[in-house]
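Peer 1: Before I ask anything, here is the structure I am working with.
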């Protein structure tokens, strides 16, 4: 009897371990879907994963409880939560970047009265790690923790432009160039042209490529080794915000990027 009990116990343990691994794999798949789509509902996720909606709901409950996923109260859809950023911020150097850039973000937001973001490259995306909003900013969306496509955002283009050709090719082969709007650049030839221009000018501009009605401009932030560690961007409604026409904006943004870079130990060499 004792042997039979031991065998049953071992079988139960193996079954529990298998179930645990499956749950982890499903949770990771959910996060990948949200990272790719920006937001999604239970039905959409269940259909893509080929599992029952009740299973997805249970997964979401666990992820929400740990702040890894956040539910939009208005639409009921889910998006990546601040807990993802908290995990990413444990990577050495990123917390210091946020700390050094914070006063600069606030100053820019106050001066230009638009949304200012700091982004870094992670897992083939530009992830926003800090944000400051101007006193008259119309948008109230919190971009912190959001993973945005590299080819369709100003920060993403700055980060892409700084990569080696091989690394850039690898990322773009994995992600492709999906259209977020009718204005998104979806060909390598045009994207490569824009990245060369961004490197030459020291900034990248997007006009309604990521979201209709939203324009943005970004500049690089360098670390003490002279490597691009992040991107500093300003975004605003297209009807009033044209980065290349706003008086003094490009010069001030470039100076701000260099100021944060200097705080990170960059000497300009």
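Peer 1: Tell me, which residue of the stretch 215-229 that is in contact (Cβ under 8 Å) with a residue 60 or more places away in the chain and in a strand (DSSP E or B) is surrounded by the most Cβ atoms within 10 Å (Cβ to Cβ)?
Peer 2: In this case the residue turns out to be 218.
Peer 1: A further question follows. Test each condition in (1) modelled with pLDDT of 90 or more; (2) over 16 Å from residue 191 (Cβ atoms) for residue 79 and report the one that comes out false.
Peer 2: All conditions are met except number (1).
Peer 1: Take residue 32 and tell me if it is assigned to a helix (DSSP H, G or I), under 30 Å from residue 211 (Cα atoms), modelled with pLDDT of 85 or more and touching a strand residue (DSSP E or B) at 6+ places or on another chain (Cβ under 9 Å).
Peer 2: No.
Peer 1: If you go through the stretch 202-211 one residue at a time, how many are in a loop (DSSP other than H, G, I, E, B) and without any contact (Cβ under 8 Å) to a residue 60 or more places away in the chain?
Peer 2: The number of residues fulfilling the criteria is 5.
Peer 1: Among the residues that make up the stretch 99-108, is at least one of them modelled with pLDDT of 90 or more, buried (at least 17 other Cβ atoms within 10 Å of the Cβ) and more than 21 Å from residue 82 (Cβ to Cβ)?
Peer 2: Looking for residues that are modelled with pLDDT of 90 or more, buried (at least 17 other Cβ atoms within 10 Å of the Cβ) and more than 21 Å from residue 82 (Cβ to Cβ), one finds at least one in the stretch 99-108, hence yes.
The values are calculated or read from the model by the stated rules, or taken from the named source; none is laboratory data. Keep in mind that this is a model prediction, so the values were computed, not measured. Heads up, the Cβs are rebuilt from the backbone with ideal geometry, glycines too, and the neighbour counts pull from every protein chain shown.
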